[in-house]
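K.L.:
What follows is a single structure, and I will ask about it in a moment.
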Amino acid sequence: MNDWFRVGDDGCITLHLHIQPGAKTTGCAGLHGDSLKIRLAAPPVDGRANLALLRFLADALKLPPAAIVLKSGHASRRKVLEVRGATREAVAALSQPS
């Protein structure tokens, strides 16, 4: 079940994420309730973790950084992002073990 993302009528994908900043490495850590957990090596200082998150997702989804927008949770571990131009399959693959 993919409760952590939804595809809108306009093709935009909304992601619900749980972020762990200050981790040893950056990567997806599986599901965390109704969210996808992502560990970030960046510290939660001066927006560094948010920038690292956007870069990580852009690289993982092979999209330009401008295709991903942080909609809510700027100062929270729980974040909602909007992704344009990604396929449902590419997004779903983020939760699969690599």
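K.L.:
For the range 11-39, which residues satisfy the criterion of being within 18 Å of Glu89 (Cβ to Cβ) and not in a strand (DSSP E or B)?
P.N.:
The answer is Gly11, Cys12.
K.L.:
Out of the range 46-62, which residues are under 18 Å from His16 (Cα atoms) and in contact (Cβ under 8 Å) with a residue 12 or more places away in the chain?
P.N.:
Listed by number, the residues that qualify are Ala49, Asn50, Ala52, Leu53, Leu54, Phe56, Leu57, Ala60, Leu61.
K.L.:
Across the range 63-98, what is the number of residues that are touching a residue at least 40 places away in the same chain (Cβ under 8 Å), over 15 Å from Leu17 (Cα atoms) and hydrophobic (A, V, I, L, M, F, W, C)?
P.N.:
Residues that pass the stated criteria total 1.
K.L.:
I would also like to ask the following. Taking Cys28 as meeting all but one of (1) under 20 Å from Asn2 (Cβ atoms); (2) surrounded by fewer than 16 Cβ atoms within 10 Å (Cβ to Cβ); (3) not aromatic (Phe, Trp, Tyr), write down the number of the exception.
P.N.:
(2)
K.L.:
Of (1) of a type in the set (Gly, Ala, Ser); (2) surrounded by fewer than 17 Cβ atoms within 10 Å (Cβ to Cβ); (3) within 10 Å of the chain's Cα centre (by Cα), Gly33 satisfies all except one. Which?
P.N.:
Condition not satisfied by Gly33: (3).
K.L.:
Restricting attention to the range 61-93, and to residues there that are in contact with a helix residue (DSSP H, G or I) (Cβ under 6 Å, 6 or more places away or on another chain) and assigned to a helix (DSSP H, G or I), which single residue is surrounded by the fewest Cβ atoms within 10 Å (Cβ to Cβ)?
P.N.:
Top of the filtered list is Pro65.
All of the numbers you see were taken from the coordinates with simple rules; none came from a lab. Only a predicted model underlies this, so the values are computations on that prediction, with no experimental measurement involved. All Cβ positions, even for glycine, are placed from backbone atoms using ideal geometry, and neighbour counts span all protein chains on display.
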